[in-house]
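Notes to accompany the following structure.
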C-alpha cells in the first residue's frame with residue numbers, strides 16, 4: 001500500500017470509485033473523465049494505457065490510477081480512508097473531490113483493444129474483445145470478455161441474435177455478466 005497524506009482541509013465528497021475487478025491487457029486503455037455541472041472537465045480527464053501484463057492485473061491498475069490522480073489531478077484525491085489517513089490500496093479505492101471545486105463525478109470507462117499481427121491471428125483463441133464490433137457477432141463468433149478474462153462463443157441460430165444485442169453494457173445478454181447471458185453464449189474457457 002502507498003501511504004498518502006490526509007485529505008487537505010475542506011469538505012470532500014466521494015465522486016467515484018476504482019473498485020473494479022477487470023483484467024486488462026496490453027494496449028487496453030482506462031479513460032477517467034471528471035465532470036462539473038457544466039459538463040466534462042477535459043483538462044483534468046485522462047487516459048491510462050496498459051503497457052505491461054502486470055499493469056493489467058485487477059489489483060494493479062486501480063492502484064496505479066489512484067496514484068496518478070493523487071500526483072497529477074488538482075482538487076481530487078484517490079484512495080481508501082483509514083485511521084492513518086488516506087492510503088492508496090490495491091483494491092477499493094474511492095475518488096474524492098473538494099466540494100468547493102464543483103467536481104461532482106468521476107467516470108471510469110474501458111477501451112479494450114485486441115492487437116494482433118498476422119502471425120498471431122491463427123493462434124488467437126478469440127476473434128474480438130467484447131464488445132468491439134458486436135454488429136459482426138454471429139453463430140460461432142468467439143469473444144474475450146475483459147471483465148472476467150473468459151472466452152465465450154455465440155450460440156447457433158436462433159440464439160445468435162442475442163449476441164449482437166449484448167453490446168449495451170447494461171444488457172442482460174453480456175457474456176458472463178448479464179442476467180441471461182447463457183441464452184446467447186457458451187463459455188469456452190475459465191480463468
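Values quoted throughout were computed directly from the atomic coordinates according to the rules given, and no laboratory measurement underlies them. These figures come from a predicted structure and were not determined experimentally. Here the Cβ is made from the backbone with ideal geometry for all residues, glycine too, and neighbour counts use every protein chain on show.
Some observations on this one:
- Take the Cβ atoms of residue 82 and residue 179, set R0 to 41 Å, and the FRET efficiency comes out at 0.70.
- Among 57-69, 39-51, the order from most to least packed when residues are scored by Cβ within 10 Å on average: 57-69, 39-51
- Inter-label distance for residue 46 and residue 14, nm, one decimal - labels placed 7 Å from Cα along Cα-to-Cβ: 2.3
- Footprinting exposure proxy for 109, 148, 36 (fewest neighbouring C-beta atoms within 10 Å first): 109, 36, 148
- Each of residue 111 and residue 60 was given a label point 7 Å from its Cα along the Cα-to-Cβ line. The distance between the two points is 2.1 nm.
- Residue exposure sequence - 174, 11, 132 - by fewest surrounding Cβ within 10 Å: 11, 132, 174
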